[in-house]
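For reference, the structure discussed in these notes is given below.
The values are calculated or read from the model by the stated rules, or taken from the named source; none is laboratory data. Here the structure is a predicted model, which means the values were calculated and not measured. Methodologically, a virtual Cβ is constructed for each residue, glycine included, from the backbone with ideal geometry; neighbour enumeration extends over all protein chains shown.
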Amino acid sequence: MHVDIGNALAVEATPGVAEASLDRLDDRVAAAHDRITAGVGDRDFGYAGLALPADIDPDAIHAAVEGFDPEAVLTVGIGGSALGAETVTAALGLDGHHTLDNVDPAAATRLLDGLPLSETLVNVVSRSGTTVETLANLRVVRAALADAGLEWTERTVVTTGESGPLADLAAAPDLPTCPVPDGVPGRFAALSPVGLLPAAALGGDVEAVLAGGAEGRRALSPSLFDCPAYAYGAVAYALECRGATTNCVVPYAEALEPFAEWFAQLWAESLGKDGLGQTPARALGATDQHSQLQLYRAGRRDKLVTLLRPTGREDRPIPAVDADALSYLEGESLGSLLAAEFEATEAALAASGVPNVRVELDRLDAEGVGRLLYDMEAACVLAGELHGVETFTQPAVEWGKRAARGLLGGGEFEEAAVVDEKTTLRIE
């Protein structure tokens, strides 16, 4: 992965970071790197996520899906239990991966009605085994399979912790299982069975994904000037301190659109603590040049724009047409047009003084997506170290979970009582 932070410097952007400030910040990066390295080595909670490329055995993933040759994989999970897997399968161009990651009844019905259930592998993912949305959706899927005359135990694999309701459910019929790695929050678990099992079931090269992650780990070094992951994390941190409280992530490859969703969870849930944290925004190049770019260039100066692309990609020529107005497209391709759109957007932002960072992969392949996931996790961990927040916890999320469970009669939770205290001003 390559990172260009030139358009985030103070000489180009407002807000921007002076090179002298980066030099001073680099001492803190070195200290943070020492803490990260120690945490990874000891497999401390959270930091263990950055050890996954070395710790995960791909043979165990293949063993869990052995005997299945599915036309489709349905992942039943939510948040980190689904977004990493979506990112990997989309980046690898693996058709047939679907996720049931919400409890919208209309969406669930449409998805299940459209699946070839007799050729679908159900992949249920929950570390605790108590995630209410996942357990509810699993019941819905089981009922749909039964209605189709299918036995759910013959086409289901479970990824969960060592104990819990989901582990117990898998034990009785002896379902194939994969472990959620110890000490790794879901959003940092993409390079584990949590994120890799659907790709393996659909024929993806999970070994190469892990090799890309391992390359990212080897690239970590004490200086942001030598490490793309730390360069990104440090600059994002420095720009937030200077007022860029929104991070707009714009991939120029549709196969990376799910990555932007994964990044949004990683960045928001990890860094949104103690009144800190950039708000992640998601866009798609070149589509959103015709919508959000207006805001990025001419709106509030509170944004960092992250432009992401693979430099090597498949291409498709633009056929010649007999029209003078389109003569400039002669001999061009969709790839060259998209590259021009990328560089024009980057220049347009720079011309307006909007800080932006270019992130590039050599190719969007298995190793490339593994490296991208690892580097962004490392960037996030570094930013958390620099902010001094508890990167690997999510207490605000847990509050909402307790409130919902209380409303459903799942126990006495004081958070549920707050719902009844809602202030209303209803207009009809």
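Would you point out which residue out of I61, I56 is within 17 Å of F188 (Cβ to Cβ), modelled with pLDDT of 95 or more and assigned by TED's automatic domain parsing to the domain that holds D174? Even if it seems obvious, please write down each step before you answer.
On the way: I61 fails: within 17 Å of F188 (Cβ to Cβ).
None of the others qualify; the one that does is I56.
How many residues does the range 383-423 contain that are over 30 Å from D26 (Cα atoms) and either among the acidic types (D, E) or surrounded by 15 or more Cβ atoms within 10 Å (Cβ to Cβ) (or both)?
Total meeting the criteria: 14.
Working only within the range 394-419, note down all residues that are aromatic (F, W, Y) and in a helix (DSSP H, G or I).
Restricting attention to the range 394-419, the residues satisfying the condition of being aromatic (F, W, Y) are 399, 413.
Passing the criteria: only W399.
Residues to consider are P258, P319, P280; find the one that is out of contact with any strand residue (DSSP E or B) (no Cβ under 8 Å at 6 or more places or on another chain) and within 25 Å of F392 (Cβ to Cβ).
P258
Condition check ((1) more than 28 Å from I36 (Cα to Cα); (2) among the basic types (K, R)) across all residues:
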site	(1), (2)
Q294	yes, no
A298	yes, no
L307	no, no
D322	yes, no
R358	no, yes
A366	no, no
G384	no, no
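Matching residues to (1) modelled with pLDDT of 95 or more; (2) surrounded by fewer than 16 Cβ atoms within 10 Å (Cβ to Cβ):
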| position | (1), (2) |
| --- | --- |
| L100 | yes, no |
| E119 | yes, yes |
| V141 | yes, no |
| S163 | no, yes |
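Any idea which of R218, R155, R187 is touching an Asp or Glu at 6+ places or on another chain (Cβ under 8 Å) and among the basic types (K, R)?
Values: R218 fails: touching an Asp or Glu at 6+ places or on another chain (Cβ under 8 Å); R155 fails: touching an Asp or Glu at 6+ places or on another chain (Cβ under 8 Å).
Sole residue among the options that is touching an Asp or Glu at 6+ places or on another chain (Cβ under 8 Å) and among the basic types (K, R): R187.
Which of the numbered conditions does T287 fail, given that it passes all the others? Conditions: (1) within 30 Å of H98 (Cα to Cα); (2) crowded, with 17+ Cβ neighbours inside 10 Å; (3) free of Cβ contacts under 8 Å to residues at least 60 places away in the same chain; (4) not acidic (D, E).
(2)
Please go through (1) surrounded by 20 or more Cβ atoms within 10 Å (Cβ to Cβ); (2) closer than 30 Å to T391 by Cβ for T345 and return the number of the only condition it doesn't satisfy.
(2)
Only residues that are in contact with a Ser or Thr (Cβ under 7 Å, 6 or more places away or on another chain), charged (D, E, K, R) and in a helix (DSSP H, G or I): list them for the range 290-348, please.
Across the range 290-348, the qualifying residue is only R297.
So A379 fits all but one of (1) within 30 Å of the chain's Cα centre (by Cα); (2) surrounded by fewer than 16 Cβ atoms within 10 Å (Cβ to Cβ); (3) among the aliphatic types (A, V, I, L, M); (4) at pLDDT 85 or above; what number is the exception?
(2)
Within the range 378-393, can you find the residues that are part of a loop (DSSP other than H, G, I, E, B) and not hydroxyl-bearing (S, T, Y)? Walk me through it before giving the result.
We begin by selecting, within the range 378-393, every residue part of a loop (DSSP other than H, G, I, E, B); these are 388-393.
Those that are part of a loop (DSSP other than H, G, I, E, B) and not hydroxyl-bearing (S, T, Y): G388, V389, E390, F392.
Do any strands (runs of 3 or more DSSP E) entirely within the range 67-169 hold 3 or more residues that are closer than 26 Å to K401 by Cβ and touching a residue at least 60 places away in the same chain (Cβ under 8 Å), and if so, which? It would help to see each step written out before you state the result.
Numbers: elements: 72-76, 97-100, 120-126, 156-160.
Ranges flagged: 72-76.
Of all residues in the range 178-221, how many are in a helix (DSSP H, G or I) and touching a residue at least 12 places away in the same chain (Cβ under 8 Å)? It would help to see each step written out before you state the result.
Within the range 178-221, the first condition is being in a helix (DSSP H, G or I), and the residues that meet it are 186-188, 193-201, 206-219.
Narrowing the set further to residues that are touching a residue at least 12 places away in the same chain (Cβ under 8 Å) leaves 186-188, 193-201, 206-217, 219.
Total meeting the criteria: 25.
Limited to the range 298-328, what total is found for residues that are over 17 Å from L256 (Cβ atoms), among the charged types (D, E, K, R), surrounded by fewer than 18 Cβ atoms within 10 Å (Cβ to Cβ) and touching a helix residue (DSSP H, G or I) at 6+ places or on another chain (Cβ under 7 Å)? Don't jump to the end; show me each part of the working.
Taking the range 298-328 and keeping what is over 17 Å from L256 (Cβ atoms), we get 298-304, 316-328.
From what is left, the residues that are among the charged types (D, E, K, R) are 300-303, 316, 322, 324.
With surrounded by fewer than 18 Cβ atoms within 10 Å (Cβ to Cβ) added as a condition, the list becomes 300-302, 316, 322, 324.
Restricting the remaining residues to those that are touching a helix residue (DSSP H, G or I) at 6+ places or on another chain (Cβ under 7 Å) gives 316.
Number of matching residues: 1.
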